[in-house]
């Protein structure tokens, strides 16, 4: 399977994304922000970092880059797109996902491991997550507090679009387990069509035991399983 990984001035997790894909035995290529086509990729990863220095707002400038027009077209055609950290912010700015990411509660940058619970294991981004498993994934962000109108939160919950939630090590949701103040402990969401998703934690930094956790591999394995199943020969 072939992934494309976007690169903006200020991206800092693009190489981590490529490494994670290669570690699972698949292909990955970089897409520079000035390009106007996503080529023949089967899925797109929008990495973390500080695209364009986070001027205006995190992700606000990247949303207007040439490559984003191609990504939006790819997503609207049903292609799988996953935004990680700054990538999540970009997807919200582009209108591909609802809500917004704002400054963390306490206005501090958080860099640590957190625990997540996959809330909907039927999505293309969570279907490979083992049942009842709590995932240990690192975060590194200053603007990771997910906010939206109460009606939007209710709609996300109703339609199974909340994909990941911050929990403690035993999978329990609590305010203490919420590192940034996100509403409803939301760590990541998907769109109604289930082909676009974003999350603030960094699964690409937790795909090998050497990194302290390999729980992040389930995100990529879910996407790979989804694309493989959609192919005529299942290969």
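The values are calculated or read from the model by the stated rules, or taken from the named source; none is laboratory data. Computed from a predicted model, the values in this text were never measured in an experiment. No Cβ is skipped: glycine too gets one built from the backbone with ideal geometry, and neighbour counts run over all protein chains shown.
Structure data summary
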item	result
Some residue of the range 13-28 being without any contact (Cβ under 8 Å) to a residue 60 or more places away in the chain, in contact with a helix residue (DSSP H, G or I) (Cβ under 7 Å, 6 or more places away or on another chain) and either crowded, with 24+ Cβ neighbours inside 10 Å or assigned to a loop (DSSP other than H, G, I, E, B) (or both)	no
Selection from the range 29-54 of residues that are assigned to a strand (DSSP E or B) and surrounded by fewer than 19 Cβ atoms within 10 Å (Cβ to Cβ)	29, 30, 32
Single match in 116, 156 (criterion: under 28 Å from residue 54 (Cβ atoms) and assigned to a strand (DSSP E or B))	116
Members of the range 134-153 that are loosely packed, with under 14 Cβ neighbours inside 10 Å and part of a loop (DSSP other than H, G, I, E, B)	149
Residues of the range 56-91 that turn out to be part of a loop (DSSP other than H, G, I, E, B) and under 16 Å from the mean Cα position of the chain (by Cα), as a count	4
Count - residues of the range 186-215 that are part of a loop (DSSP other than H, G, I, E, B) and either modelled with pLDDT under 95 or out of contact with any helix residue (DSSP H, G or I) (no Cβ under 9 Å at 6 or more places or on another chain) (or both)	5
Matching residues in the range 159-185 - criterion: being part of a strand (DSSP E or B), within 15 Å of residue 112 (Cβ to Cβ) and under 17 Å from the mean Cα position of the chain (by Cα)	166
Every pair of residues 6+ apart whose Cβ atoms lie under 6 Å, when the first sits in the range 158-178 and is at negative phi while the second is modelled with pLDDT under 95	163/120
Qualifying positions in the range 56-80 - surrounded by fewer than 17 Cβ atoms within 10 Å (Cβ to Cβ), over 15 Å from residue 34 (Cα atoms) and at pLDDT 95 or above	73, 76, 77, 78
Scan of the range 120-157 for residues that are free of Cβ contacts under 8 Å to residues at least 12 places away in the same chain and over 15 Å from residue 99 (Cβ atoms), ordered by number	121, 131
